[in-house]
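Accompanying notes for the structure given below.
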Amino acid sequence: MQYGPAVRRRRLGAELRALRGRAGLTSSQAAARVGWHQSKVSRIETGRSGVKATDVHLLLDAYEVRDPHLGELLVALAGADDTGASGRHHWWKAYRDLLPAAYRDFISLEAQASWVRTLETSVVPGLLQTPAYARAITRAAVAGLPDEQVDALVEVRLARQDVLRAEPPLRLSVVLDEAVLRRSVGGPQVFAQQLARLREVTRLPQVRLQVLPFSSGEHVGLIGPFVILSFPTIADLDLVVLDHLTSSLYLERKEDLQAYAEAFNSLQEQALSPEESEAFIAGLSDGA
């Protein structure tokens with residue numbers, strides 16, 4: 001278990017090493033192509049050295065890799081705020097002075113993911129929050145912030161939701177503990193709007209939302225919320241993210257990934273079906 005930057009550097013290095021191997025180059029030959037010393041290539045491939053976006057692009061050119069999506073993903077793993085070829089995945093750099101590094105790390109990886117699986121036990125996931133709900137959560141989580149900073153953080157939360165409207169859109173699988181739907185965040189009106197938003201997203205083809213009712217009893221999700229990020233092209237880059245009060249913890253070992261994937265599957269089996277979940281939320285909405 002390690003924190004984001006170390007995990008990303010090692011994953012990035014392993015993928016660049018694999019790409020070099022597929023290109024049929026030694027580390028010395030790769031270094032010669034880009035005008036570096038061989039030791040720099042070795043430090044990057046072993047995750048001992050940070051990498052700039054320009055360095056990633058140089059290596060991809062040297063290895064004749066032309067896949068733009070792969071390039072964007074590897075730049076995101078580098079943790080660079082540099083704007084890539086499309087630029088759309090790096091909007092958050094405008095909020096660099098406001099967002100903690102751990103949050104920027106998470107946004108960059110979420111923007112590159114093709115599938116997100118998440119268990120939430122306390123609040124609605126950020127990708128599904130309404131502006132008013134997001135504002136109430138932000139004020140509770142970061143007390144004492146000036147209004148303009150709260151507004152900026154809400155803007156970030158809403159901008160993250162663009163991944164659901166991208167082409168192709170992010171595939172999102174959510175299991176919500178019933179407690180999330182019983183906590184009237186922001187007051188009755190704000191919460192009623194949030195419940196209506198959840199009913200809307202259950203009809204999106206790329207979203208699978210399931211409610212885990214209190215009646216299901218004990219379940220593996222009692223350990224707390226988690227997020228599984230899966231990426232296109234490179235399955236080995238999947239990550240589990242656990243949030244803490246001041247940072248995020250990234251799990252990358254295959255054993256951890258398998259355990260959390262199995263836990264999520266188990267939660268989906270215990271939860272209501274998507275259709276039953278929509279009806280459950282509708283019932284709460286009628287009583288709100």
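Here are some notes:
- Identification of strands (runs of 3 or more DSSP E) wholly contained in the range 138-245 with 3 or more residues that are over 23 Å from Glu275 (Cα atoms) yields 226-230, 239-243.
- For the range 15-29, taking the residues that are touching a residue at least 40 places away in the same chain (Cβ under 8 Å) and part of a helix (DSSP H, G or I), the one that is surrounded by the fewest Cβ atoms within 10 Å (Cβ to Cβ) is identified as Arg22.
- In the range 42-68, the qualifying residues are those that are among the aliphatic types (A, V, I, L, M) and within 23 Å of the chain's Cα centre (by Cα), and the one that is nearest to Gly21 (Cα to Cα) is Val56.
- Single residue of the range 254-288 satisfying the filter (assigned to a loop (DSSP other than H, G, I, E, B) and either free of Cβ contacts under 8 Å to residues at least 60 places away in the same chain or of a type in the set (Gly, Ala, Ser) (or both)) that is surrounded by the fewest Cβ atoms within 10 Å (Cβ to Cβ): Ser273
- In the set (1) of a type outside the set (D, E, K, R); (2) at pLDDT below 80; (3) surrounded by fewer than 20 Cβ atoms within 10 Å (Cβ to Cβ), Leu77 fails one condition alone, (3).
- Residue in the range 110-120 that is surrounded by the most Cβ atoms within 10 Å (Cβ to Cβ), counting only those that are more than 16 Å from Ala179 (Cα to Cα) and touching a helix residue (DSSP H, G or I) at 6+ places or on another chain (Cβ under 6 Å): Arg117
- Note on the range 146-202: residues that are among the charged types (D, E, K, R) and over 23 Å from Gln268 (Cβ atoms) total 9.
- Tally, over the range 121-159, of residues that are open to solvent by less than 20 Å² (accessible area, probe 1.4 Å) and under 29 Å from Ser216 (Cβ atoms): 9
- In the range 171-200, the residue that is surrounded by the fewest Cβ atoms within 10 Å (Cβ to Cβ) out of those that are among the charged types (D, E, K, R) and more than 12 Å from Leu128 (Cβ to Cβ) is Arg182.
Conditions (1) over 24 Å from Pro100 (Cβ atoms); (2) of a type in the set (Lys, Arg); (3) out of contact with any helix residue (DSSP H, G or I) (no Cβ under 7 Å at 6 or more places or on another chain), marked per residue:
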| position | (1), (2), (3) |
| --- | --- |
| Arg135 | no, yes, no |
| Pro146 | no, no, yes |
| Ala152 | no, no, no |
| Glu155 | no, no, yes |
| Val163 | no, no, no |
| Leu172 | no, no, no |
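- In the range 88-107, the residues that are farther than 16 Å from Thr138 by Cα and free of Cβ contacts under 8 Å to residues at least 24 places away in the same chain never reach a residue that is open to solvent by 70 Å² or more (accessible area, probe 1.4 Å) and among the aliphatic types (A, V, I, L, M) with C-beta atoms less than 8 angstrom apart, at least six apart or across chains.
- In this entry, Arg203 is excluded by the filter for residues that are more than 16 Å from the chain's Cα centre (by Cα), under 19 Å from Gly126 (Cα atoms), modelled with pLDDT of 90 or more and surrounded by fewer than 17 Cβ atoms within 10 Å (Cβ to Cβ).
- The residues on offer are Pro225, Pro232, and the sole one that is surrounded by fewer than 16 Cβ atoms within 10 Å (Cβ to Cβ), touching a residue at least 60 places away in the same chain (Cβ under 8 Å) and not aliphatic (A, V, I, L, M) is Pro232.
- Some residue of the range 150-171 being modelled with pLDDT of 95 or more and among the β-branched types (Val, Ile, Thr): no
The values are calculated or read from the model by the stated rules, or taken from the named source; none is laboratory data. What you see is a predicted model; the values in this text were computed from it and never measured. Positions of Cβ are backbone-derived with ideal geometry, glycine not excepted, and every protein chain shown enters the neighbour counts. Surface accessibility is based on the protein's heavy atoms, side chains included, excluding ligands, DNA and RNA. Shrake-Rupley method; radii C 1.70, N 1.55, O 1.52, S 1.80 Å.
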